[in-house]
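Reviewing the structure listed below.
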Amino acid sequence: MTFARIVATGSALPERVVTNADLEKIVDTSDEWIRTRTGIRERHVAADGETTGDLAFRAGQQALADAGVKASDLDMVILGTTTPDIVFPATACLIQDRLGANGCMAFDVNAACSGFVYALGVANNFVRTGQVKRALVMGAETLTRMVDWSERETCVLFGDGAGAVVLEASDEPGILATCLHADGGYKDLLYNPVGVSVGFTDEKNHGVRIKMRGREVFKIAVKTFDALVGETLAAAGMQESDVDWLIPHQANLRIIEATAKRLGMSMDRVIVTVDKHANTSSGSVPLALDAAVRSGRVKRGQNLLLEAFGGGFTWASAMLRY
Ligand code: UT7
């Protein structure tokens, strides 16, 4: 049987770090509120002119170098993002050209914060059916571009960043199961109302802004992860005790702790980067994965459970042997 295996990871963050103390100076908030409600201490913010594609390109380059794979050997370049550089071409096409992988398929997946795990699920199926031998799968965002810096409810939550993996066809187990879901009935709880077809100006709110009913999103996210964990374990034929590392979407430490509890896992088996990165949407899971790999915590042969939840609502998971 052919599996899709992660052979290397990469990541990239903007240089500029904005701490909670910095935000105290621009909105009525406090480091204490942000830390206790979310677990966030700081976030990276893209410089003027620095794009999602720039960050994903750097993450992709690093993953390819670590994999020892030439860009010209890729059959697929796929990017999870909800903040593309331009409307079209897809940011994956822009990155493909910069890498020198011209000719292979390249496209973006917009599944909000679940974008990377969705992209991984799509790539996995292409590899398993033999259509793709090597894929570069990325998740990247510059979400701070659509944050209202005068709205304390949202501006403290988000950051920018990118992560990437190189997937290769292998006889050895790699991705064991993926579960992808969406329910557009929840579209009004987390969204950005502007866009090509409806028009780029949200006149009532003066711009391109994330809107979120945080408390409701929180409750549904916790319940959804609870069910998703059970579904993913069943799909992979595994038990809670088989999971070596949980690598969750990094939106809120309290949501992450609830999922760890459901799995009966202590927090030292959970990769947490929300304190340093805040919520980077599609960037969050691959950034956390890369941090875990580079720090030596995640080792070859271990079982990883990746999961994400975001606007749509979308939610997705992957169980894999690293
Ligand atoms: O990535 C996609 C998925 N997104 C998520 O998973 C996010 C899910 N939601 C959350 O993480 C949390 O709901 C938030 C972190 C957004 C908010 O935490 P909360 O514990 O649900 O707070 P809340 O919205 O219920 O607000 C509590 C209080 C309110 O004041 P009152 O009404 O109690 O007087 C807010 O006005 O905290 C106030 N508040 C703040 N205070 C200081 C809201 N934002 C801030 C702030 N600083 N930045």
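The values are calculated or read from the model by the stated rules, or taken from the named source; none is laboratory data. All figures in this text were calculated on a predicted structure; none of them were measured in a lab. Note that each Cβ is placed from the backbone with ideal geometry, even for glycine, and that neighbours are counted across all protein chains shown. The protein model used for the area step is the full one, side chains on, heavy atoms only, and it has no ligands, DNA or RNA in it. Shrake-Rupley method; radii C 1.70, N 1.55, O 1.52, S 1.80 Å.
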So Val229, is it open to solvent by less than 20 Å² (accessible area, probe 1.4 Å), aliphatic (A, V, I, L, M) and in the same structural domain as Cys113 (by TED's automatic domain parsing): no
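Picking from Thr273, Thr224, which residue would you name as being touching a residue at least 24 places away in the same chain (Cβ under 8 Å) and within 14 Å of the ligand (Cβ to nearest atom)?
Numbers: Thr273 fails: touching a residue at least 24 places away in the same chain (Cβ under 8 Å).
Every option except Thr224 fails the conditions.
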Filtered residues of region 101-116 (kept if assigned to a loop (DSSP other than H, G, I, E, B) and either over 17 Å from the mean Cα position of the chain (by Cα) or buried (at least 21 other Cβ atoms within 10 Å of the Cβ) (or both)): Ala101, Asn102, Gly103, Cys104, Ala112, Ser114
Options Gly103, Gly39; residue that is on the phi > 0 side of the Ramachandran plot and without any contact (Cβ under 8 Å) to a residue 12 or more places away in the chain: Gly103
Selection count, region 122-169, where residues are outside any strand (DSSP E or B), more than 16 Å from the ligand (Cβ to nearest atom) and more than 18 Å from Ala90 (Cβ to Cβ): 8
Residue satisfying condition, being within 30 Å of Ala4 (Cβ to Cβ), among the hydrophobic types (A, V, I, L, M, F, W, C) and touching a helix residue (DSSP H, G or I) at 6+ places or on another chain (Cβ under 6 Å), within set Ala71, Ala63, Ala67: Ala71
Some residue of region 283-291 being open to solvent by 10 Å² or more (accessible area, probe 1.4 Å), under 23 Å from Glu42 (Cα atoms) and away from the ligand (no atom under 13 Å from the Cβ): yes
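Which of the residues that make up region 235-255 are near the ligand (Cβ under 10 Å from one of its atoms) and of a type in the set (A, V, I, L, M)? Walk me through how you get there before you give the answer.
Step one: filter region 235-255 for residues near the ligand (Cβ under 10 Å from one of its atoms), giving 249-255.
Scanning region 235-255 gives Ala251, Leu253, Ile255.
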Some residue of region 14-22 being surrounded by 17 or more Cβ atoms within 10 Å (Cβ to Cβ), farther than 30 Å from Val196 by Cα, within 13 Å of the ligand (Cβ to nearest atom) and not assigned by TED's automatic domain parsing to the domain that holds Pro248: yes
Members of region 235-282 found to be open to solvent by less than 30 Å² (accessible area, probe 1.4 Å) and either at positive phi or among the β-branched types (Val, Ile, Thr) (or both), listed by number: Val243, Ile247, Ile255, Ile256, Thr259, Val270, Ile271, Thr273, Val274, Ala278, Thr280, Ser281
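Examine region 206-218 for a residue that is surrounded by 20 or more Cβ atoms within 10 Å (Cβ to Cβ) and either among the hydroxyl-bearing types (Ser, Thr, Tyr) or at pLDDT 95 or above (or both), and state whether such a residue exists.
In the first step, residues of region 206-218 are kept if they are surrounded by 20 or more Cβ atoms within 10 Å (Cβ to Cβ); the result is 210, 217.
Pick out the ones that are also either among the hydroxyl-bearing types (Ser, Thr, Tyr) or at pLDDT 95 or above (or both) and you get 217.
Within region 206-218 (the criterion being surrounded by 20 or more Cβ atoms within 10 Å (Cβ to Cβ) and either among the hydroxyl-bearing types (Ser, Thr, Tyr) or at pLDDT 95 or above (or both)), the answer is yes, since at least one residue qualifies.
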